[in-house]
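**Q** Below is the structure I would like to discuss, written out as structure tokens.
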């Protein structure tokens, strides 16, 4: 009888461990960004003066051709390895981004309603918590008030309409509310996703293509139904972030596609004529179900905490 009880206990423990383990995902992807200097090298190609044709060109050109052009011009694209840890049970996730600048991590804690970014090389971190949003807003207002030269700079904008709009945004930010930068749309553009009807098979995995647009960004994604469990987790986390932080939070394409998980994403940012062009290619190289250890903790006592308002040079990656 004792042996039977022990067997049952071990069996239940193993079942629970396996269940929790199965709710965890580890995604590894390679991310390459081609900046405007590389993209301008293709400016002699037909149709480059047309926004739609230019976007289609860069969304469909091979990476081999992009790398050849970059090499010919002595420019290296930015390459990064991004590792994403997701825990479906808690709704928490973490991303580690490795590049030539070192490693940067982002953490999202559902229960705490908090998102943290850690710059490991600098030994610094900052966190955004919903309970402290009022403090962040006040810091932003104070920062704007302490920039007397900014008004003089805006007076030099040659276009009268643009100058007036920028001045109004500055005055509004100084009085209260988060600043709206010149050229930034008053209303945030919504993400639109449409199916193209194109398919491809990769190692037996039938993938479908979708096209998406959001403001000045246009992109395509190859979606796999092989990882529907992960897709549902991504959707849930996206909804949590949107509910917690609002705005653009949770707007990543991975959490917006309902019938699969994107394993390759290309995002082209317009406008080349203004020198604002970039192409980002994200390719998932591995998806693992389950990982060990508590990867969602970092030792804050070993780092220097900064205010989110002082970390403009940093980038927070959102899942």
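A quick yes/no check of all residues on (1) buried (at least 20 other Cβ atoms within 10 Å of the Cβ); (2) under 22 Å from residue 285 (Cβ atoms); (3) under 15 Å from the mean Cα position of the chain (by Cα):
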{"residue": "218", "(1), (2), (3)": "yes, no, yes"}
{"residue": "227", "(1), (2), (3)": "yes, yes, no"}
{"residue": "236", "(1), (2), (3)": "no, no, no"}
{"residue": "253", "(1), (2), (3)": "yes, yes, yes"}
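**Q** May I pose another question? Going residue by residue through the range 89-99, is there one that turns out to be in a strand (DSSP E or B) and over 25 Å from residue 279 (Cα atoms)?
**A** Yes: the range 89-99 contains one or more residues that are in a strand (DSSP E or B) and over 25 Å from residue 279 (Cα atoms).
**Q** Picking from 249, 239, which residue would you name as being over 29 Å from residue 102 (Cβ atoms) and modelled with pLDDT under 90?
**A** 239
**Q** Would you tally the residues in the range 270-286 being outside any loop (DSSP other than H, G, I, E, B), surrounded by 14 or more Cβ atoms within 10 Å (Cβ to Cβ) and modelled with pLDDT under 90? I'd like the intermediate steps shown before the answer.
**A** Residues of the range 270-286 outside any loop (DSSP other than H, G, I, E, B): 272-274, 278-286.
Subset that is surrounded by 14 or more Cβ atoms within 10 Å (Cβ to Cβ): 272, 278-284.
Filter again for modelled with pLDDT under 90, leaving 272.
Result for the range 270-286: 1.
**Q** Give 72, 55, 22, 13 a once-over and let me know the one that is under 30 Å from residue 211 (Cβ atoms) and either at pLDDT below 90 or under 22 Å from the mean Cα position of the chain (by Cα) (or both).
**A** One residue alone meets the criteria, 55.
**Q** Out of curiosity, is residue 83 surrounded by fewer than 19 Cβ atoms within 10 Å (Cβ to Cβ) and under 15 Å from the mean Cα position of the chain (by Cα)?
**A** Yes: the conditions hold for residue 83.
**Q** When residue 315 is evaluated against the numbered criteria (1) surrounded by 13 or more Cβ atoms within 10 Å (Cβ to Cβ); (2) over 21 Å from residue 199 (Cα atoms); (3) under 18 Å from the mean Cα position of the chain (by Cα); (4) modelled with pLDDT under 90, which criterion, by number, is the only one it fails?
**A** For residue 315, the exception is condition (1).
**Q** Could you give every pair whose Cβ atoms fall below 7 Å, whose first residue belongs to the range 212-231 and is in contact (Cβ under 8 Å) with a residue 60 or more places away in the chain, and whose second residue is outside any strand (DSSP E or B) and surrounded by 20 or more Cβ atoms within 10 Å (Cβ to Cβ), counting only separations of at least 6 or pairs across chains?
**A** Pairs that qualify, where the first residue is in contact (Cβ under 8 Å) with a residue 60 or more places away in the chain and the partner is outside any strand (DSSP E or B) and surrounded by 20 or more Cβ atoms within 10 Å (Cβ to Cβ), are 218/55.
**Q** Within the range 35-75, which residues are out of contact with any helix residue (DSSP H, G or I) (no Cβ under 7 Å at 6 or more places or on another chain), surrounded by fewer than 15 Cβ atoms within 10 Å (Cβ to Cβ) and not in a helix (DSSP H, G or I)?
**A** Of everything in the range 35-75, those that are out of contact with any helix residue (DSSP H, G or I) (no Cβ under 7 Å at 6 or more places or on another chain), surrounded by fewer than 15 Cβ atoms within 10 Å (Cβ to Cβ) and not in a helix (DSSP H, G or I) turn out to be 43, 44, 46, 49, 50, 62, 74.
The values are calculated or read from the model by the stated rules, or taken from the named source; none is laboratory data. Because the structure is predicted, anything quoted here is derived from the model rather than measured. Glycine gets a Cβ as well: all are built from the backbone with ideal geometry, and neighbour counts include every protein chain shown.
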